[in-house]
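One structure is given below, encoded as structure tokens.
The values are calculated or read from the model by the stated rules, or taken from the named source; none is laboratory data. For clarity, every value in this text was computed on a predicted model and none was experimentally measured. Counting neighbours? That spans all protein chains shown, and the Cβs are built from the backbone with ideal geometry, glycine included. With ligands, DNA and RNA removed, areas are computed over all heavy atoms of the protein, side chains included. Shrake-Rupley method; radii C 1.70, N 1.55, O 1.52, S 1.80 Å.
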Amino acid sequence: MRQYTIGYYGTAVIVNDANPLKKLTDAQVRDIFTGTIANWKDLGGEDAPIKVYIRDPVSGTYLGFQELAMEKKPYTSSAVALKSYDEIVEAVKNDSAAIGYSGMNLASMTGIHSVAINGIPPTTTSVNDQVYPYARQIRLYTAKGKEPEAALDFIQFVRSKQGQEI
């Protein structure tokens, strides 16, 4: 088997724009999403319960975030599971006490902002440089020596500058 890294994928932690919080530690994120920290006052914010929005358990991100951010611990029982990142962004945008996660492409939407983790913002550079903690490699796999020419051409294109831009 051959593996080809074709990119990286990052998940941003997002809060409502009314929330002044700009950064969290990875331990704080874990504790928020597991329910150990349940009020914004414990993070220096207002005295308000934290409303956690997550992906639905059938989503790969549900498990991926649990592995990357939560040491595989269970989500807080009060977390609200939604079917898409768009739904999470909308819920966080409409709830000043909310926190959630989304793809980085949505983290700059109006009404929300992403938070830096351990001082590292969720940017293309921090993900591609493999320093942002909530990111993974995206790979394609082939059967070594049995790849059709079209598959190798596709992999070469995906890894090219033009393919990466797309």
Task: Residues (in contact (Cβ under 8 Å) with a residue 40 or more places away in the chain and of a type outside the set (A, V, I, L, M, F, W, C)) located in the range 53-93 - done: 53, 55, 61, 64, 71, 73, 74, 75, 76, 77, 78, 93
Open item on the list: I'm trying to understand the selection: among the residues of the range 88-118, which are among the small types (Gly, Ala, Ser) and over 17 Å from residue 68 (Cβ atoms)?
Closed with: 91, 96, 97, 98, 108, 111
Open item on the list: Just the residues that are under 21 Å from residue 104 (Cα atoms) and surrounded by fewer than 16 Cβ atoms within 10 Å (Cβ to Cβ), please, taken from the range 25-61.
Closed with: 25, 27, 56, 57, 58, 60
TODO: Name, by its number, the condition in (1) part of a strand (DSSP E or B); (2) under 13 Å from the mean Cα position of the chain (by Cα); (3) among the aromatic types (Phe, Trp, Tyr) that does not hold for residue 62.
DONE: (1)
Open item on the list: Cβ-Cβ under 6 Å, sequence separation 6+ or interchain: first residue in the range 32-43 and over 19 Å from residue 117 (Cβ atoms), partner aliphatic (A, V, I, L, M) and open to solvent by less than 30 Å² (accessible area, probe 1.4 Å). Which pairs?
Closed with: 38/50
Open item on the list: Could you go through the range 4-12 and let me know if any residue there is open to solvent by less than 30 Å² (accessible area, probe 1.4 Å) and hydrophobic (A, V, I, L, M, F, W, C).
Closed with: yes
- [ ] Looking at (1) assigned to a helix (DSSP H, G or I); (2) hydrophobic (A, V, I, L, M, F, W, C); (3) in contact with a Leu (Cβ under 6 Å, 6 or more places away or on another chain), find the lone condition where residue 15 falls short.
- [x] (1)
- [ ] Kindly state which strands (runs of 3 or more DSSP E) lie completely within the range 83-166 and contain at least 1 residues that are modelled with pLDDT under 95 and either acidic (Asp, Glu) or open to solvent by 80 Å² or more (accessible area, probe 1.4 Å) (or both).
- [x] 135-142
